[in-house]
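The values are calculated or read from the model by the stated rules, or taken from the named source; none is laboratory data. Bear in mind that the values here come from a model prediction, so they are computed numbers and not experimental data. We place every Cβ from the backbone using ideal geometry, glycine too, and count neighbours over all the protein chains shown.
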Amino acid sequence: MDTSGLLRRAVAPALACTVLWSDAVRAHALPASEPRTDASPVAWIFEWWVVITLLVSLALYIAGYMRLRPLGAQGRVTRSKRLASFGVGWLTLVLALVSPLHALSEWLFSAHMLQHELLMLVAAPLLVIGRPLAVWIWAFPAGARAAIGAVVRSRWIKAPWQWLTKPAVAWMLHAAALWCWHAPRFFEAALARPGIHTLQHASFLGSALLFWWTVFGRRSGAQASGSAHAMLSLFTTMVHTGALGALLTLAPGVWYPSCIETTLALGFDPLQDQQLGGLVMWVPGGLAYLIGGLWVGARLLVRRAQPDIVSVSHEG
């Protein structure tokens, strides 16, 4: 596969979004919205559909896990690792979407950036490693599992899934979500309208799940070609997200006017708050992609060394 060609085709839409984003930075097209003084900055947020979705996802995983245990479908250690990974990823979603961090993100840009990074860089990869789709299906009776499996294997589901999980496509969608949603026009719209804000979070989490699936979820990840795609995706994403974080950190002025009044209401400087949010994306965010790349590289080296170890043991 021509990796460079795929990435060139993937980069073009992201660059187009970047042009729109830079125009919006200069224009500051949206006025500042009204301060969100009707809510507390340190409250638990119990949006019914979020809480129900989280509880149902956890219940299905536990039910599927308990049904898989006596079947021996996987090793005990593997199952335990995946359970732990899903559990920590699920708790991260609770922290990002239900805890006081969600309320604080309505007031401070830096808290908003931390919330986004938790969704994309902690919850998403851990959920992918936990293999929830493969476990959830076992929560259903045998007849329902067969029906769900038939639907999943149909070309209406399989073909779009195979396209969305191509490394270049997943990379492009993740990059587009990051850059487009941080354009002042779209970011301000998300702050002003709950429905758009929900779409923003869904875009971040959904594109991140697809991105990390190409790193940790694909079976080709065990092969050299799959690992090469994963490391290239991680490296290039580390570079362009670091660039966005640097722009936020080094900007001479505030990009998002609607954050000014709420930030001042808590006694913080809006520009410093924006710089802190940029640093969250720039440093810890870049480190997460770097760690992922090192993990993929180490996994590849170990698997390449295993045949040599086996051959030496046979010769001995």
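Tabulated results
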{"quantity": "Near pairs, Cβ below 8 angstrom, 6+ apart or cross-chain, from segment 284-301 (on the phi < 0 side of the Ramachandran plot) to any residue that is polar (S, T, N, Q)", "calculated": "Gly285/Thr241; Gly286/Thr241; Tyr289/Thr237; Tyr289/Thr241; Val296/Ser227; Gly297/Ser227; Arg299/Ser227; Leu300/Ser227"}
{"quantity": "Helices (runs of 4 or more DSSP H) wholly inside segment 54-117 that include at least 1 residues being within 23 Å of the chain's Cα centre (by Cα) and of a type in the set (Phe, Trp, Tyr)", "calculated": "76-97, 109-117"}
{"quantity": "Any hit, segment 80-90, residues being at pLDDT 90 or above, crowded, with 17+ Cβ neighbours inside 10 Å and of a type in the set (S, T, N, Q)", "calculated": "yes"}
{"quantity": "Cross-chain or 6+ apart pairs with Cβ under 7 Å, segment 46-58 first and over 16 Å from Leu133 (Cβ atoms), then part of a loop (DSSP other than H, G, I, E, B)", "calculated": "Phe46/Val98; Val50/Val98; Val51/Val98"}
{"quantity": "Test for Ala243: is it surrounded by fewer than 18 Cβ atoms within 10 Å (Cβ to Cβ), of a type in the set (A, V, I, L, M) and in a helix (DSSP H, G or I)", "calculated": "yes"}
{"quantity": "Selection count where residues are more than 14 Å from the chain's Cα centre (by Cα) and buried (at least 20 other Cβ atoms within 10 Å of the Cβ), scope segment 161-178", "calculated": "2"}
{"quantity": "Unique residue being over 21 Å from Leu114 (Cα atoms) and without any contact (Cβ under 8 Å) to a residue 12 or more places away in the chain when the list is Gly226, Gly195, Gly267", "calculated": "Gly226"}
